[in-house]
Amino acid sequence: VIADFLVQGAQMLIVLLTAPMLTGLVRKIKARMLRRAGPPVIQPYRDLVRLMRKEVVLADTASWLFRVIPYFIFAATWVASSLVPTFRTGLLFSWSADLIAIIALLGSARFALALAGLDVGTSFGGIGSSREVMIASLAEPAMIMIVFTLALVAGSTQLSTMAGFMESSAVGLRVSLGLALIALVMVAIAENARIPVDNPATHLELTMVHEAMVLEYSGRHLALIELSASLKLLLYLSLIACVFAPWGLAGPSAGLGALAVGALAYLGKLATGGFLLALFETSIAKMRVFRVPEFLGAALMLGLLATLLLFVSRSL
Amino acid sequence: MPMLAPTVVVLACAALLLVLAIAAVWIGRTRAGTTIIYGTSLVIALTAFLAGMAQLLRGGVPADDIMLPLGLPWIGVRFRMDALSAFFVVVVDLGAAAASLFAIGYGSHERARLRVLPFYPAFLAGMNLVVLADDAFSFLVAWEFMSLSSWALVVAHHRVPDNVRAGYVYLIMASLGTLALLLTFGVLAGPHGGYAFAEIRAAHPSPALSALVLCLAVVGTGSKAGLVPLHVWLPLAHPAAPSHVSALMSGVMTKVAVYGFVRIVFDLLGEPAWWWSMLVLMLAGMTCVMGVLYALMQHDLKRLLAYHTVENIGIIFIALGLGLAFKAYGMAWAAALALTAGLLHVFNHSLFKSLLFFGAGAVLTATGERDMEHLGGLIHRMPHTAFAFLIGCAAISALPPLNGFVSEWLVFQAILLSPQLPSWGLKFLVPAVGALLAFSATLAAACFVKAFGITFLGRARSSAASAARETDRFSLAAMFSFAALCLIAGILPGLFIDALAPVVQVLAGGRMPVQTGVEWLSIVPIAQSRSSYNGLLVFLFMVISGALAASAIHRLASDKLRRAPAWDCGYPDACPATQYTASSFAQPIRRVFGSVVFRAREQVEMAPPGDPRPARMTVVMHDPVWETLYLPVAAGVGYAAERLNHLQSLTIRQFLSIVFAALVVLLLVLALWP
């Protein structure tokens, strides 16, 4: 049990410590693709430390809720991302929340962030919140449909069971899984406010959703929100890796060697995922905000189609 | 000493409430009248709640039959409290107790006291009697009593023109519902008139008659519960009543309607046919999405909440429909899961919807406003109300670790079992319904970001909002006790699921696995490897990691804080009108979904440069249900009435000849009837 406890603790620390690195990596690769030098990969850590040391400048009209929300968002995102298997399945507390609950935890974080956008009473915060809930209103059902597909294939909503099933030979090549993967990537892009849905690097009214909501945050509060955003990106990459590329994942009773292999494989998967994300982002332009529903509607339809296929035949 | 049977206790409570209702006519005139009436109601409701709880925890046995020598001589009046009734007694009286507690404070602002005080205990008694009734006759009488007393409460403030219209629509829809129920029981009782529920249970109607009963029961109970398209009265009537009554109507009376449906369809009607679930699921899926889309378009806080009740009724009926489907194919364990999910949502919804209406009532007392466009910034003026309301918002949006999530999670688990159903129609329908459910769950979150964010956050949009004062202690006590229950039901759902087991056992013929024995108090609907959820651990993890982060940052980094004007990208505008409003918040969703469902059109009128007229934007929306279903019927009735109008001014000879003709026609029909 103590070993299990340690592994769970290691997982929590690993996700927390690698998340800013992933963000830095994506930024660096994007910069290199645009032939810029770009900041070093560890820049996000420096930013976080600096932000945490700075004092908070709080708007006069902000309430207590505004100050609590960063911690809440951080807690929800951190708990969610520690429950997704990264290098080992069957974590000690993995049964405390299945995939639906993990999605819902991220939903809680989003709910809180949208409220924070409205708290100060500025027009930018409102625009961010209202667009965020519009995007979520399509992204979350799409995500649930993807969960349905995976759950019907693997016969479980538990991520460890799912990963184990995907690694086995029983899974085979299925149309529904292909559709679910495409839909999941689309949802992940939307949920993490990446191009083409939102641009995390701008402060322009026309393009921003996530940034508009956090406009009034500063200091340690902003640091926590940035860290949560990195954690969320890591979570989605881990999720895709765990379900669609479970190779190298250590089993519940693996020894130290297997754990090391799992950890290395995980880092490799993260790097690959980050590279692909950066490649995708540099090769596509930002969409108009009212084009986003079409993009996500496609994801929703793909998810629904995948689910329907499974209801028709278990082998599709 | 022999204990009083719980059934007797609840019946006695109902009788006391009736006495109180009559006494209220006199007591209500005294100065302490409000406190006396609501205080007594509180005590009686708590007693009935405890009795119901005791009966539920005993598994509903022994369910004593009580027959009173009232009513029609050859039927009598029968009452019985089995596990199902006991569960609904718990829901009704818990809601009633909280509403009474809230009203001790809230009711003191009431101007038209005598229009509220006598009807309030009567309404409570009516709801209790409906769930206790054990024969068709007393069920219908209690049902109608409940409808009429709540109608009286809806039109309590009858000088507001909207309320009169609300009361009118409610009266018509309630009559329609009762008529459908009357026919339901008529068909169920058959030509021999076996009106006792035991006799109805023993009779097995033919498939065609069962189908008829199902359709009638859906109309009869669905119109009270608010199933689309029978929901039209609900968003008019619920907000019109005083807020504690709104809470009861939305949180509790709709549940009594759910009780009626469950009692008739699962208990009295016998084995279901497979297509019944199709009908229920289709209506429920539509109800879910339409309810929440309507709610998103509202800017009246209480009306938003009322429309949201429609959505939650949809969720409950989805679970019930799945239960019917599984039961029809003999999958008792799956039916048990679906029914548990539905009944748990009944309980959860009664908690958070009452809580939210209490909050809306507190806002209404403090500011005199229901329109969110005139509110804002109340979190500074009413911090406690805001906190309780926030818990309610998070719970109803199905966010973990609160209770709304648990029941929706169970519904999703039930949906994931449905590929095992052999019917093709259901195979296609269920995933679609699942998508609708997921869709409405997210839209609900959007809706409550709007409800809380516009009402309580930001800056005050009117002088009434900026001068608001925190509400009284009784109201706060009611709100906080329900907020605490929302959390408890969210983190310890296993206890509630186990308490529901005897109810589900009767209805579905199976039960969910025992949850209290699972380690760490997780809930495991089917098997550990398949799915499990532990609200307690999720809650603890969140508290610990949040506290850890806060203390680490405050210790190691910085805890300095400075207040300054809002930054707003460098262009802060001091005018509160520059904030997002309820309508502007909903604009993206209105454009994406509303333009299809409500044919929403925006018209922007810009004055040319130099013209001092303000620019205007108008949004035109159409209510598809009202326009396609009700207006034609209303027009038809109006047309027929106009045609028949001249019958009123006939001579006596003409009247007599009409009577004669009618007699001849009726006798002919009777003679020719096979």
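Are any residues in the stretch B:95-130 of a type outside the set (Gly, Ala, Ser), over 16 Å from B:Thr34 (Cβ atoms) and over 17 Å from the mean Cα position of the chain (by Cα), and if so, which ones? Across the stretch B:95-130, the qualifying residue is only B:Leu129.
Pull up the stretch B:424-437, narrow it to residues that are touching a residue at least 24 places away in the same chain (Cβ under 8 Å) and of a type in the set (A, V, I, L, M), then point me to the one that is farthest from B:Glu311 (Cα to Cα). Top of the filtered list is B:Leu426. Only a single criterion out of (1) over 30 Å from B:Lys302 (Cβ atoms); (2) surrounded by fewer than 18 Cβ atoms within 10 Å (Cβ to Cβ) is not satisfied by B:Asp162, namely (1).
Among the listed residues B:Ile553, B:Ile544, identify the single one that is farther than 26 Å from A:Thr202 by Cα and either under 34 Å from the mean Cα position of the chain (by Cα) or surrounded by fewer than 17 Cβ atoms within 10 Å (Cβ to Cβ) (or both). Lay out the reasoning, then the answer.
Details: B:Ile553 fails: either under 34 Å from the mean Cα position of the chain (by Cα) or surrounded by fewer than 17 Cβ atoms within 10 Å (Cβ to Cβ) (or both).
When all the criteria are applied, what remains is B:Ile544.
The residues in the stretch B:525-547 that are more than 8 Å from every other protein chain (Cβ to nearest Cβ) and part of a loop (DSSP other than H, G, I, E, B) can be counted, and the count is 3. Screening A:Ala101 against (1) assigned to a helix (DSSP H, G or I); (2) more than 17 Å from the chain's Cα centre (by Cα); (3) closer than 23 Å to A:Ile240 by Cβ; (4) of a type outside the set (Val, Ile, Thr) leaves a single unmet condition, (2).
Looking at the stretch A:68-110, which of the residues that are facing another protein chain (nearest Cβ under 9 Å) and polar (S, T, N, Q) is surrounded by the most Cβ atoms within 10 Å (Cβ to Cβ)? Selected residue: A:Ser108.
Only residues that are small (Gly, Ala, Ser), loosely packed, with under 14 Cβ neighbours inside 10 Å and facing chain A (nearest Cβ under 8 Å): list them for the stretch B:556-571, please. Residue satisfying the conditions is B:Ala564 alone. Of all the criteria given as (1) surrounded by 10 or more Cβ atoms within 10 Å (Cβ to Cβ); (2) closer than 26 Å to A:Ile135 by Cβ, the one not satisfied by B:Phe660 is (2).
Within the stretch B:450-460, does at least one residue satisfy the condition of being in contact (Cβ under 8 Å) with a residue 40 or more places away in the chain, more than 8 Å from chain A (Cβ to nearest Cβ), more than 19 Å from B:Met282 (Cα to Cα) and surrounded by fewer than 24 Cβ atoms within 10 Å (Cβ to Cβ)? Yes, the conditions are met somewhere in the stretch B:450-460.
Please specify each residue of the stretch B:1-42 satisfying the condition of being in a loop (DSSP other than H, G, I, E, B) and not charged (D, E, K, R).
B:Met1, B:Pro2, B:Met3, B:Leu4, B:Ala5, B:Gly28, B:Thr30, B:Ala32
Within the stretch B:131-155, the set of residues being of a type in the set (S, T, N, Q) and under 18 Å from the mean Cα position of the chain (by Cα) comprises B:Ser147, B:Ser149, B:Ser150.
The condition (being in contact (Cβ under 8 Å) with a residue 24 or more places away in the chain and either aromatic (Phe, Trp, Tyr) or closer than 18 Å to A:Ala241 by Cβ (or both)) is satisfied by just one residue among A:Ala154, A:Ala163, A:Ala193: A:Ala163. Got at least one residue in the stretch A:171-178 being touching a Gly at 6+ places or on another chain (Cβ under 8 Å) and either farther than 30 Å from B:Thr578 by Cβ or more than 9 Å from chain B (Cβ to nearest Cβ) (or both)? No, because not a single residue in the stretch A:171-178 is touching a Gly at 6+ places or on another chain (Cβ under 8 Å) and either farther than 30 Å from B:Thr578 by Cβ or more than 9 Å from chain B (Cβ to nearest Cβ) (or both).
Restricting attention to the stretch A:111-126, and to residues there that are more than 7 Å from chain B (Cβ to nearest Cβ) and in contact (Cβ under 8 Å) with a residue 60 or more places away in the chain, which single residue is surrounded by the fewest Cβ atoms within 10 Å (Cβ to Cβ)? Step through it out loud before you land on a result.
Initial filter on the stretch A:111-126 (more than 7 Å from chain B (Cβ to nearest Cβ)): A:112-113, A:116-117, A:125.
Cutting the leftovers down to in contact (Cβ under 8 Å) with a residue 60 or more places away in the chain gives us A:113, A:116-117, A:125.
Numbers: A:Leu113: 25, A:Ala116: 30, A:Gly117: 34, A:Gly125: 29.
Applying the filter and picking the extreme gives A:Leu113.
From the list B:Ala335, B:Ala325, B:Ala319, B:Ala341, the lone residue that is farther than 22 Å from B:Ala451 by Cβ, in a helix (DSSP H, G or I), touching a Lys or Arg at 6+ places or on another chain (Cβ under 8 Å) and not aromatic (Phe, Trp, Tyr) is B:Ala335.
Every residue in the stretch A:237-266 that is hydroxyl-bearing (Ser, Thr, Tyr) and in contact with a strand residue (DSSP E or B) (Cβ under 8 Å, 6 or more places away or on another chain), please.
Within the stretch A:237-266, no residue meets the criteria.
For the stretch A:211-236, the set of residues classified as crowded, with 24+ Cβ neighbours inside 10 Å, in contact with a Gly (Cβ under 8 Å, 6 or more places away or on another chain) and either among the basic types (Lys, Arg) or in a helix (DSSP H, G or I) (or both) consists of A:Ala212, A:Met213, listed by residue number. Kindly indicate whether any position in the stretch A:287-302 is out of contact with any Gly (no Cβ under 8 Å at 6 or more places or on another chain) and over 27 Å from B:Leu436 (Cβ atoms). Within the stretch A:287-302, one or more residues are out of contact with any Gly (no Cβ under 8 Å at 6 or more places or on another chain) and over 27 Å from B:Leu436 (Cβ atoms). Residues that are touching a Lys or Arg at 6+ places or on another chain (Cβ under 8 Å) and in a helix (DSSP H, G or I) were ranked within the stretch B:393-444; the one that is nearest to the other protein chains (Cβ to nearest Cβ) is B:Pro419.
Does A:Gly164 meet the test of being surrounded by fewer than 23 Cβ atoms within 10 Å (Cβ to Cβ) and either at the interface with chain B (Cβ under 7 Å from one of its Cβ atoms) or at positive phi (or both)? The answer is no for A:Gly164.
The residues of the stretch A:179-189 that are surrounded by fewer than 24 Cβ atoms within 10 Å (Cβ to Cβ) and either free of Cβ contacts under 8 Å to residues at least 40 places away in the same chain or β-branched (Val, Ile, Thr) (or both), listed by number, are A:Ile182, A:Val185, A:Ile189. Screening B:His622 against (1) closer than 29 Å to A:Leu296 by Cα; (2) within 9 Å of chain A (Cβ to nearest Cβ) leaves a single unmet condition, (2).
Quick one: in the stretch A:10-43, which of the residues that are touching a Lys or Arg at 6+ places or on another chain (Cβ under 8 Å) and part of a helix (DSSP H, G or I) is surrounded by the fewest Cβ atoms within 10 Å (Cβ to Cβ)? Once the filter is applied, the top-ranked residue is A:Gln43.
A short reminder: the numbers here are calculations on the coordinates, not readings from a lab. Everything quoted here is computed from the prediction, not taken from an experiment. All Cβ positions, glycine included, derive from the backbone under ideal geometry; neighbour counts span all protein chains shown.
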